[in-house]
Amino acid sequence: MDFAFSEEQEQLRGFAREFLAARYDDGRLAEIADSATGVDAEVWPRLAEMGWLDAELTFLDQAVLFEETGHRPLPAPYLSTVALALPALDDETAKRVAEGTLRATLAWAEPNRPQGLLDPVAASVSDGRLTGSKVLVPDGAAAGLFVVVAAEGLYAVDAEDAVVTPRTTLDGTRRVADVRFSGTPARLLAAGEEARALLGRIRDRAYAALALEGVGVAQRSLDLLVSYAKERTQFGKPIGVYQAVSHKASNVYVRLQEARSLAYWAAWCVSSDDEMARQACLAAKSLAGEAAVFACESAIQGHGGIGFTWEHVLHRYYKRAQWIAAFDGPARSQRAEVAAFLLD
């Protein structure tokens with residue numbers, strides 16, 4: 001069993017890191033995060049040109065990109081489209097995504113109800129028309145198509161036929177929206193047990209993708225901390241020689257490697273459709289989300305006063321880390337499911 005990425009995938013990683021670093025330096029990222037939409041409207045066709053949206057990519061190919069879009073946040077609905085919506089789309093619609101003409105997302109959570117990805121919903125379809133309300137829809141205001149979870153199955157709904165209300169979130173580059181459907185035309189994608197099984201696979205993919213993003217966030221936070229510890233001097237020495245700082249970096253490194261191992265395992269399981277995929281993705285998401293938050297907090301503390309300022313980029317990563325950790329419930333929820341697997 002080989003968990004290593006191929007030479008081509010490592011080349012893809014290098015290209016992605018160069019592209020994202022050149023396009024989104026700290027100033028540009030802050031500008032987009034604080035803008036009206038939080039989205040780089042011009043990057044989507046570019047992603048299509050580079051092949052990042054191709055349905056032919058394996059999940060291991062995508063894993064490299066998810067990690068790099070955590071290391072340098074991509075202000076576009078990449079996760080929402082590729083991890084949440086694309087697995088449910090038919091070939092014709094997936095082709096529109098690959099061409100860069102369509103952005104999509106998944107709408108599942110509803111107000112005043114349990115909001116897990118696999119929880120029952122009240123939205124329903126009658127005679128091809130959908131009625132219901134969804135909240136916390138990732139990138140809802142940027143999507144052109146919704147994959148909607150209804151009582152009868154999964155349905156595709158054009159965004160122009162729905163009422164979309166953008167909402168602000170902690171992470172300015174990954175916002176959410178409330179979406180209301182009132183007798184809205186809906187096209188069936190999957191029904192009954194097929195829909196539930198598909199939704200389970202989507203959740204696995206999302207957890208693995210977010211774990212990989214978390215690894216990227218943690219790595220970038222560690223990079224910033226180590227770089228600062230080498231440059232900043234106190235009492236005539238770099239602050240990295242003092243244990244109060246060096247131990248923070250060491251602890252982050254250990255947590256990061258644990259999270260990376262689980263995230264890569266989850267990615268391999270999803271790509272191979274392994275029977276352990278569900279457990280791997282639950283474990284990876286729970287650990288990587290917390291590791292990313294821990295890494296950001298440690299890096300902020302290691303930077304001292306400058307780390308707490310609005311001008312420094314670290315708070316952008318801290319917000320992304322908290323978004324990842326909170327997605328579909330806290331880490332204890334995923335650990336409880338892992339425990340159930342072990343005890344059954």
Requested in this report: Would you confirm whether any residue within the range 177-195 is outside any helix (DSSP H, G or I) and at positive phi?
Outcome: yes
Requested in this report: Those residues that are more than 17 Å from Trp265 (Cβ to Cβ) and in contact with a Lys or Arg (Cβ under 6 Å, 6 or more places away or on another chain), I need them from the range 193-225; list them, please.
Outcome: Val217
Requested in this report: Would you confirm whether any residue within the range 79-86 is under 22 Å from Asp161 (Cβ atoms), among the polar types (S, T, N, Q) and within 21 Å of the chain's Cα centre (by Cα)?
Outcome: yes
Query raised in the report: Of the residues that sit in the range 142-176 and are small (Gly, Ala, Ser) and assigned to a strand (DSSP E or B), which one is nearest to Leu74 (Cα to Cα)?
Result: Ala156
Report summary line: Residue hits (the range 26-44; closer than 19 Å to Gly307 by Cα and without any contact (Cβ under 8 Å) to a residue 40 or more places away in the chain) are Gly27, Arg28, Glu31
Report summary line: Filtering the range 234-257 down to residues that are touching a helix residue (DSSP H, G or I) at 6+ places or on another chain (Cβ under 6 Å) and under 30 Å from Ala280 (Cα atoms) yields Lys248, Ala249, Val252, Arg255, Leu256
Report task. Quick one: in the range 16-25, of everything that is closer than 30 Å to Ser271 by Cα and without any contact (Cβ under 8 Å) to a residue 12 or more places away in the chain, which residue is surrounded by the fewest Cβ atoms within 10 Å (Cβ to Cβ)? Result -> Ala22
Query raised in the report: Looking at the range 1-39, which of the residues that are part of a loop (DSSP other than H, G, I, E, B) and among the charged types (D, E, K, R) is nearest to Ser261 (Cα to Cα)?
Result: Asp2
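Any read-out appearing in this document is the output of simple, stated calculations on the displayed coordinates, not a laboratory observation. Owing to the predicted nature of the structure, the values given are computational and were not obtained by experimental measurement. Glycine also receives a Cβ, built like all others from the backbone with ideal geometry; neighbour counts cover every protein chain displayed.
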